[in-house]
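Presented below is the structure to which this report refers.
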């Protein structure tokens, strides 16, 4: 069976590494991007089964990146999980274009459950 490919987008390197190690442990193939712009380049060139996306990033925010990802992939829905340290973004209607919303934690249980749920669909 092919490994599911996940793109982790976060401007904090330690978060990218934590997510990569935790998700590879679950058997996923993981690509990393440190900015919205880098994420868009990867989305244009590779097929991903799911994307985790930080909201607060310098330059292009995660919400702007999410809109661009949706525009690039009108014919194919890629599940996107917004991951942020700030719960208040859940009230921002632009975050509703995501498939799930997770408050960041060093414990990846909630993130892993959300990924499993979205990839089973």
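The values are calculated or read from the model by the stated rules, or taken from the named source; none is laboratory data. In this text the structure is predicted, and so the values were computed from the model without any measurement. In this analysis, Cβ positions are derived from the backbone assuming ideal geometry, glycine residues included, and neighbour counts consider all displayed protein chains.
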Are any residues in region 48-66 part of a loop (DSSP other than H, G, I, E, B) and out of contact with any strand residue (DSSP E or B) (no Cβ under 7 Å at 6 or more places or on another chain), and if so, which ones? 57, 58, 59, 60, 61
Looking at region 1-32, which of its residues are free of Cβ contacts under 8 Å to residues at least 40 places away in the same chain, under 12 Å from residue 54 (Cβ atoms) and part of a strand (DSSP E or B)? 32
Name the one entry in 69, 78 that is within 13 Å of the chain's Cα centre (by Cα) and part of a loop (DSSP other than H, G, I, E, B). 78
Could you give me the residue pairs with C-beta distances under 7 Å whose first residue belongs to region 98-117 and is on the phi > 0 side of the Ramachandran plot and surrounded by fewer than 16 Cβ atoms within 10 Å (Cβ to Cβ), whose second residue is in a helix (DSSP H, G or I) and modelled with pLDDT under 85 wherever it lies, and which are 6+ apart or on separate chains? none
